[in-house]
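S.K.: Here it is, the structure in full.
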Amino acid sequence: EDHWKKVYEKVGQFDKEFCGGWNSEIDALLTFAGLFSAVVTAFTVESYKLLQPDAQDMTNRILMNVSAQL
């Protein structure tokens, strides 16, 4: 039974070190993803204000309405 306890402690130590590396890597990735999302959202909000209907499309619709009325 003493041997199993030593194995358990060694494996537990290895798991803590191994998962600790993953934990810090995940934290960095989540931080990057959050910052990236914030930047993309800011650009999207600002560029959305600049969207306007296509003038050529509006002209075509008006002409279609006029021709339908004739």
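S.K.: Just to be sure I understand, how many residues within the range 10-45 are modelled with pLDDT of 90 or more and within 18 Å of the chain's Cα centre (by Cα)?
M.R.: Residues flagged as modelled with pLDDT of 90 or more and within 18 Å of the chain's Cα centre (by Cα) within the range 10-45 amount to 20.
Table: residues versus (1) open to solvent by 80 Å² or more (accessible area, probe 1.4 Å); (2) assigned to a helix (DSSP H, G or I).
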position: Gly12; (1), (2): no, yes
position: Gly21; (1), (2): no, yes
position: Leu29; (1), (2): yes, yes
position: Glu46; (1), (2): yes, yes
position: Gln52; (1), (2): yes, no
position: Asp57; (1), (2): no, yes
position: Leu63; (1), (2): yes, yes
position: Val66; (1), (2): no, yes
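The values are calculated or read from the model by the stated rules, or taken from the named source; none is laboratory data. All values reported here derive from a predicted model rather than from experimental measurement. Please note that ligands, DNA and RNA were not included when accessible areas were found on the heavy atoms of the full protein model with its side chains. Shrake-Rupley method; radii C 1.70, N 1.55, O 1.52, S 1.80 Å.
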